[in-house]
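The values are calculated or read from the model by the stated rules, or taken from the named source; none is laboratory data. Treat the numbers as computed from the prediction; the structure is a model and nothing was measured. Every residue, glycine as well, gets a Cβ built from its backbone with ideal geometry; the counts of neighbours run over all protein chains shown. Keep in mind that these areas ignore ligands, DNA and RNA; they rest on the heavy atoms of the full protein, side chains included. Shrake-Rupley method; radii C 1.70, N 1.55, O 1.52, S 1.80 Å.
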Amino acid sequence: MLEQQQATNQTDASCDASRRQFINQAGRGLLAVGVAGGLLGTVGTVEAKSDDAAASLWPQGSGPTDVHLPEINAKTEPKSAGVPNPQPVDQRVGYAVVGLGHLTLEEILPALSQSKKSKLVALVSGSPDKMQKIARQYGVKPDNCYSYETYDKLKDNKEVDVIYIVLPNSMHMEYTVRGAKAGKHILCEKPMATSAKECEKMIEACEKAGKKLMIAYRIQYEPMNRKVQELVRNKAYGKTKMIEAMNCQNQGDPNQWRQKKALAGGGSLPDVGLYCLNTVRFLLGEEPSEVSAQIYSTPGDPRFKEVEENVTFTLRFPSGVLANCATGYGSYNAKRYRVYSETGWIQMDPAFTYHGLKLERANADEEGTENKAAVNIGEKNQFALEMDHFSECVKENKRPYTPGEEGLQDQRIMEAIYQSAKDGKPVKLPAVAKQDAFRGSPPVASK
């Protein structure tokens with residue numbers, strides 16, 4: 001009877017603790033409602049439209065804001081991603097996003113909502129009706145909406161720290177130069193531009209303005225691809241011998257800007273083939289010494305009147321690694337790569353998609369038995385990771401991991417690929433001895 005009473009008391013105590021926790025949480029929720037609605041006379045009415053007004057409720061520098069919750073699952077269960085713990089809104093870096101196409105609306109703006117160190121504060125578009133709708137969706141003030149003609153007025157907007165350029169490739173240089181002159185840091189989508197000369201002008205403009213320039217190579221910030229880099233460089237399966245990489249998709253409307261050379265600068269190579277090129281360089285940390293390539297486009301296909309359909313190219317590296325890459329605009333979706341080493345291989349399939357990446361590796365033991373396993377790493381928003389890295393670089397005055405020089409190197413190699421396909425012979429590239437020669441400060445692992 002006594003044991004039963006003790007058990008009952010323990011249960012009651014546990015329930016009471018849960019009740020108190022619930023009441024405390026509910027109380028905080030009511031307090032928040034009261035503050036937001038201006039119901040507490042000691043606080044007053046709050047303007048929900050302004051970050052500054054919301055931030056003024058809480059004293060600046062009042063201590064860390066990270067929140068940690070106790071684990072509720074058994075140790076055998078998969079661990080949760082944990083509390084996101086974003087920085088307070090008034091401490092995040094403000095972004096103006098230029099261009100409201102598929103990538104911006106489907107990936108970048110939602111990613112800004114998940115960012116820890118970045119926030120959306122302004123929009124630039126040539127479509128005022130669409131921009132008005134998007135501004136309402138994301139709470140962007142009407143005064144922070146710009147046309148391409150009023151783009152230069154961003155210089156007067158103190159809320160904007162970074163301009164993210166998401167425009168057709170041929171427009172990257174102009175809007176980077178203008179953005180730098182407006183006194184803003186620049187995050188530019190890949191490919192960096194349509195020629196090495198344009199890339200050089202972009203770098204020069206940002207250096208002259210004393211502003212940072214980063215190219216949006218999201219793969220270099222994504223955790224699974226970074227794990228592959230770690231395995232390759234640590235020689236987990238011995239020396240790397242070969243790499244196969246493929247990025248193909250079947251294009252639709254022949255009138256879209258990606259099928260116009262004046263806007264895109266090229267076809268499948270600078271758009272999706274660039275992932276193969278840049279990722280191989282990222283994994284190895286060395287630069288190719290020679291390229292050889294072939295190009296083929298289906299005759300009569302209206303999609304390929306101006307730009308190429310298929311490109312295959314081989315990169316030869318000083319270490320002896322050969323990377324065979326393929327890209328296309330007219331075949332079913334394939335976005336993968338595999339690294340072949342002495343005693344095993346590492347594979348990403350898919351490797352280059354926005355979501356659903358999968359990492360697998362295999363090796364042989366001393367008895368010749370193959371051991372194959374999936375590597376489970378929690379998915380993170382790639383765009384949020386790259387933007388938060390750039391925000392960190394802006395606030396801490398660090399060189400971005402993928403600066404303009406990284407984009408310039410890719411552009412020079414792509415020009416050599418085109419030259420090799422045209423001449424029908426390999427093209428030698430300038431020797432680069434330093435590892436990660438064109439990269440800056442590595443990203444800090446996201447917790």
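Between 0 and 90 degrees, the angle of helix 172-181 with respect to the longest Cα principal axis of the chain falls at about 50 degrees.
Roughly speaking, what is the stretch gain from residue 355 to residue 81, that is 0.36 nm per residue apart minus the C-alpha to C-alpha distance, in nm to one decimal?
Working: separation 274, 0.36 × 274 = 98.64 nm, distance 1.62 nm.
Separation in residues times 0.36 nm, less the Cα-Cα distance, equals 97.0 nm.
Rounded to the nearest 0.05, what FRET efficiency is calculated for residue 436 and residue 365 with R0 set to 35 Å and r the Cβ-Cβ distance? Between residue 436 and residue 365 the formula returns 0.60.
Against the criterion of solvent-accessible heavy-atom surface with a 1.4 angstrom probe, 102, 172 sort, most first, into 102, 172. Loop-located trypsin sites (Lys or Arg not before Pro) in the stretch 123-179 (DSSP state other than H, G, I, E, B) with a sparse environment of at most 11 neighbouring Cβ atoms within 10 Å: 158.
Work out, step by step, the length gained on full extension between residue 137 and residue 375: first 0.36 nm times the residue separation, then minus their alpha carbon distance; give nm to one decimal.
Values: separation 238, 0.36 × 238 = 85.68 nm, distance 3.72 nm.
Going from the current span to full extension adds 82.0 nm.
If you model the stretch 312-424 as an ellipsoid using its alpha carbon gyration tensor, with each semi-axis the square root of five times an eigenvalue, the axes come out at 28, 25, 16 Å, biggest first.
For 402, 240, the ranking by accessible surface with the largest value first comes to 240, 402, using a 1.4 Å probe.
The trypsin sites (Lys or Arg not before Pro) found in the stretch 344-394 include none that occupy coil by DSSP while having at most 12 further C-beta atoms within 10 Å.
The solvent-accessible area of residue 257, taken with every protein chain present and a 1.4 Å probe, is close to 70 Å². What angle, in degrees between 0 and 90 and rounded to the nearest 10, separates the Cα long axis of helix 196-209 from the longest principal axis of the Cα atoms of the chain? Between the helix axis and the principal axis of the chain, the angle is about 40 degrees. Sorted from longest to shortest, the spans of the Cα atoms of the stretch 359-409 along the three principal axes equal 52, 27, 17 Å.
If you put +1 on each Lys and Arg Cβ and -1 on each Asp and Glu Cβ, how big is the dipole of the stretch 237-353 around its Cα centre, in Debye rounded to 20?
80
The length gained on full extension between residue 262 and residue 322, counted as 0.36 nm times the residue separation minus their Cα-Cα distance, comes to 18.3 nm.
Taking the DSSP bridge list for the chain and keeping only pairs wholly inside it, about 60 percent are antiparallel. Suppose R0 equals 45 Å; then what is the FRET efficiency for residue 74 and residue 423 from their Cβ-Cβ distance, rounded to the nearest 0.05? Step by step, r from the Cβ atoms, then E = 0.10.
Entry note, the chain: the mean residue ellipticity at 222 nm calculated from DSSP H runs of n ≥ 4, each adding -39500 (n - 2.57), is -10000 deg cm²/dmol after division by the residues and rounding to the nearest 500. Across the protein chains, with a 1.4 Å probe defining accessible surface, the residues 222, 370 rank 370, 222 from largest area downward. The mean accessible area for residues of the chain, using a 1.4 Å probe and ignoring ligands and nucleic acids, is 53 Å² per residue. How are the C-alpha pair distances of the stretch 314-374 spread across 10 Å bins, as whole percents from the shortest bin up? The calculated distribution, bin by bin, is 18, 38, 34, 9, 1.
With angles folded into 0 to 90 degrees, how steeply does helix 404-423 sit against the dominant principal axis of the chain? Use alpha carbons for both and round to 10. So the inclination is approximately 30 degrees. The accessible surface of the chain, taken with every protein chain in place and a 1.4 Å probe, is 51 percent carbon and sulfur.
Calculated from the structure at hand, mean projected area of the Cα convex hull in nm² is found among [x] 30.0; [y] 23.5; [z] 19.8 as [x].
With the convex hull of the Cα atoms taken as the outline of the stretch 393-447, the averaged projected area works out to 5.4 nm².
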